[in-house]
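Nothing in this text is a laboratory measurement; each read-out follows from the coordinates by a stated rule. Quantities reported herein were computed from a predicted structural model and do not represent experimental measurements. All Cβ positions, even for glycine, are placed from backbone atoms using ideal geometry, and neighbour counts span all protein chains on display.
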Amino acid sequence: MLLEFACSNHKSIRKEILFSTLASKDTTYADRTYAIAGNKVLKSAVIYGANGSGKSNFVDAIAFVKNLVLNSIRHGPGQGIAQHPHKLEGFIKESSYRIQFVTNNVRYVFGFSLKNMLVSNEYLYYFPNNRQTKIFERSEEKVSVGSKFKGKFLACKDVLKPNRLFLSCAANFSSVAEVEATYAFFNNELIIYGLGSQDNWMNYSVYMMNSHPQLKAAVLAFLNDLDTGIKDINVSIKKKKLEAGELPPFLSDEFKNVLLKNNVDTISAKVRYEQFETDLLQEESAGIKKLFAILCPFIDIIVNGKVLICDELESGLHEAIMYGLLKLFINTPSDKFAQLILTSHETGLLNLELFRRDQIWFTELTKEDRATDLYSLAEIKSVRKEENFAKGYIAGRYGAIPMLNLNFADIVAKI
């Protein structure tokens, strides 16, 4: 589970912002929290804000950390890290990132800073018996390790470069269980939806519905509750050899030969209604396609206790469907504790049945430097827990909303 994320000097984020899933003293929906190390952790959170206020940049910063952990080991000599600083700070000011999470019931803190497109510092700690213990600390290319880990990172020091995270090197060139657990969190447990990362979700869902009857049944049950009229989906995946005439002419002869030698999967997915059926991939609406694409990953995340971070999941979906998806995530029983963190413009989700004050966050641009500020509704005084949050947000009581105070009639008259 994700406990907190902080970053600074990343795109519109200038000064450090801090997002936390640690619960406040509010006792509403206490059964939806998870107790660990004397704290309670929230199952879900939603972030609102005007267009351009930094919601997507918050998600982008988390995705940036994940990508660097998984892929910086591939950076070659002389290749800089794609640092994305605030316009008023630039590359000479450090861009810093810190993430605190729990995996295998152990708490970890990982962080690093970039300067001039290279790593300036990095650290990884964990908390066995609730005591902070150093795994490693790094300053530029000098690394110091905790006493328990002496001699365990010798091989990965040889592959460390200024443009690579030490965590990425250690995960590939050592056998330290705590490092492997940290890497596995980023690789398997932290899921990003949006920013182009959802492109392969439909293929995943189609394959899962073909091979897991129970998962398919759960998807159909949810679609039935939404009154979509869908009775069944029949998926067929067959192997076949491609014919030369089926290949695009712009491919090289070498690549054509590779494709012609191997079998490929041909997928057929038919959605059955009461009186007819449609081709899922060719004939269905964008909304139904999106539903099929996200439901299997949704259920997998719930069952296996992963962290799902979504940027505008509601795009292309009706408000009632979004409400149903959130209820599915919140109320589905599971042995694991899954989390859902999403950005949204859909004020209908600001519902007392879905979120309490410490689960609602806002992004707003500061006037002096157009930098993203992030704050929780729980930080705003005089907001009662039984208040109509949607009405208060639309009225501008919490900020983070575009205030349209222009006289458009006068503007049009001047044209």
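Summary table
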quantity: HN-Hα J in Hz across the stretch 110-120 - Karplus 6.51, -1.76, 1.60, θ = phi - 60°, x for Gly and Pro; calculated: 10, x, 7, 10, 10, 8, 6, 6, 10, 6, 9
quantity: Protection-proxy order for peptides 146-152, 284-290, 201-207, each taking the mean of Cβ atoms within 10 Å per residue, highest first; calculated: 201-207, 284-290, 146-152
quantity: Within straight-line cross-link reach of residue 241, aspartates and glutamates at Cα separation under 16 Å, skipping those fewer than 8 residues along the same chain; calculated: 265
quantity: Shape category assigned to the chain from the gyration tensor of Cα positions, a/c cut at 1.5; calculated: rounded
quantity: For the chain, Cys with no neighbouring Cys Cβ under 4.7 Å; calculated: 7, 296, 310
quantity: Tensor-based shape of the stretch 95-200 (alpha-carbon gyration tensor, a/c under 1.5 rounded, otherwise prolate or oblate); calculated: oblate
quantity: Residue 203/residue 31 FRET efficiency (R0 30 Å; Cβ-Cβ; nearest 0.05); calculated: 0.25
quantity: Estimated dipole of the chain in Debye, rounded to 20 [Cβ of Lys and Arg +1, of Asp and Glu -1, Cα centre]; calculated: 1280 debye
quantity: Residues residue 303 and residue 142, FRET efficiency given R0 of 45 Å [Cβ-Cβ distance, rounded to 0.05]; calculated: 0.55
quantity: Dipole-positive endmost among 345, 271, 173 within the chain (Cβ charges, Cα centre); calculated: 173
quantity: Choice from 261, 161, 66 showing the highest fluctuation, given a GNM over the chain with Cα pairs closer than 10 Å; calculated: 261
quantity: Neighbour-limited loop hits for chymotrypsin sites (Phe, Trp or Tyr not before Pro), the stretch 274-383 (at most 10 other Cβ within 10 Å; DSSP other than H, G, I, E, B); calculated: 276
quantity: FRET efficiency for residue 134 and residue 391, using Cβ-Cβ distance with R0 set to 41 Å, rounded to 0.05; calculated: 0.25
quantity: Under 22 Å from residue 93, Cα to Cα: lysines that are on another chain or at least 8 residues apart; calculated: 11, 15, 66, 115, 142, 161, 367
quantity: Dipole of the chain, positive end: most advanced residue of 88, 109, 293 [Cβ charges, Cα centre]; calculated: 109
quantity: Listed residues 167, 226, 326, most fluctuating in the chain (Gaussian network, C-alpha, under 10 Å); calculated: 226
quantity: Under the Karplus curve 6.51 cos²θ - 1.76 cosθ + 1.60, θ = phi - 60°, whole-Hz ³J(HN,Hα) for the stretch 219-231, x wherever Gly or Pro sits; calculated: 5, 5, 5, 5, 5, 5, 4, 7, 6, 7, x, 7, 9
quantity: Partners for residue 216 among lysines (Cα-Cα distance below 21 Å; same-chain residues under 8 apart left out); calculated: 231, 238, 270, 289, 290, 306, 327, 336
quantity: Hz values of 3J(HN,Hα) by residue in the stretch 53-69 - Karplus curve (6.51, -1.76, 1.60), Gly and Pro given as x; calculated: 8, x, 4, 5, 5, 4, 5, 4, 5, 5, 5, 4, 4, 4, 4, 5, 4
quantity: Cβ charges +1 (Lys, Arg) and -1 (Asp, Glu), total dipole of the stretch 1-155, debye; calculated: 220 debye
quantity: Shape of the stretch 9-138, Cα gyration tensor, a/c cut at 1.5; calculated: oblate
quantity: The chain: most fluctuating residue of 182, 228, 372 per GNM, C-alpha cutoff 10 Å; calculated: 228
